[in-house]
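What follows is a single structure, written as structure tokens, with notes after it.
Derivation of every value follows stated rules applied to the coordinates shown; laboratory data play no part. If you're wondering where the values come from, they're calculated on a predicted model, not measured in any experiment. Positions of Cβ are generated from backbone atoms using ideal geometry, with glycine treated the same way; all protein chains shown enter the neighbour counts.
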Ligand code: T6T
């Protein structure tokens, strides 16, 4: 009996170590679904995720929609779920409309981590509400980003005059929070009047024509906050078309090369660069950590780099210009 037990024990040890070896040898596949594929922000995020995937031996699948639109993002998500990746990293394009579609991934046992944007309240793993199931939220602090934008714009317009927010559409967690932070911070500046927000559906041409219309009604317009890449590019183009370059001040969220060029010509005063490569890198690392049995933080905040014409050529600043 003793011999039989010993043989059993040896057998069990061999079995456990072969399971461990299998687990280690397993090549994980992680999907990254951006808000939109043709956007320097998500292209840069992908590069960060690729760097981590390479270091960890993970297969990264990058698949998204050509527009920032939940109606187009959900079929991409469904197709990814059908491929059964080991984990999903996603920038949900609407905080409500992506809840049910993402529940399907969760129900299929696929861990979900949201990057850049969130669903529900963005407070995950709390047991409250029906959208707390993602494991982690990795992103900029967008309320803070809006506050930084407000202070910068206030300064460049001499703390007085009319301003407005050029924004994407209600329901996007990031840009909603930027507007919230911006307006709240401007309460500290009693001589600044905030006009009605202009929603452009992530279309820079629409943002540019909205600028013309607002300017026609308010020839004393002092400044604009472009709350994301396309809003900012559109606002800047609109200012140029109106012949107001340098007179109507523009603070941009996001930092693709076009925005940096506009800083150099004086069309845009400040750009608030996010760190999308970091978001992608830590998103991928978090997924891998979870898949290999580690616990992960429920939220990871990445920082900002504020660019203006005096610092944008410095390498430590320029490294945060988004990739094309
Ligand atoms: O500003 C980023 C991102 O943070 C936001 O959620 C959507 O717009 C961008 O991708 C820029 O276009």
- request: Of the DSSP beta bridges with both residues in the chain, give the percent that are antiparallel, rounding to the nearest 5.
  value: 10
field: Net length gained if the chain between residue 47 and residue 97 were fully extended (0.36 nm per residue, minus Cα distance)
entry: 15.3 nm
- request: Enter the angle in degrees (range 0 to 90, nearest 10) between the Cα long axis of helix 40-56 and the first principal axis of the Cα atoms of the chain, meaning the one along which they spread out most.
  value: 20
- line: The extension gain from residue 316 to residue 212, computed as 0.36 nm times the residue separation minus the Cα-Cα distance, is 33.8 nm
field: Percentage relative contact order, region 235-314, counting C-alpha pairs under 8 Å, at least six apart
entry: 29
Computed over region 114-197: relative contact order in percent, which uses C-alpha pairs under 8 Å that are six or more apart: 33
- prompt: Sorting 250, 285, 172 on the 10 Å Cβ count, fewest up front, what's the list?
  reply: 285, 172, 250
message: Given a Förster distance of 56 Å, report the FRET efficiency between residue 25 and residue 160 from their Cβ-Cβ distance, rounded to the nearest 0.05.
response: 0.30
- line: Tilt, helix 70-82 to longest principal axis of the chain (alpha-carbon atoms), in degrees rounded to tens, equals 10
- prompt: Counting pairs of Cα atoms in the chain, how many percent are more than 34 Å apart?
  reply: 30
field: Tilt relative to the chain, helix 142-156 - C-alpha long axis, 0 to 90 degrees, to 10
entry: 20
Segments 30-42, 223-235 sorted - mean Cβ within 10 Å per residue, highest first: 223-235, 30-42
message: Please give the Cα centre distance for region 162-191 versus region 267-316, rounded to the nearest Å.
response: 22
task: Could you list 56, 153 in order of exposure, starting from the residue whose Cβ has the fewest other Cβ atoms within 10 Å?
output: 56, 153
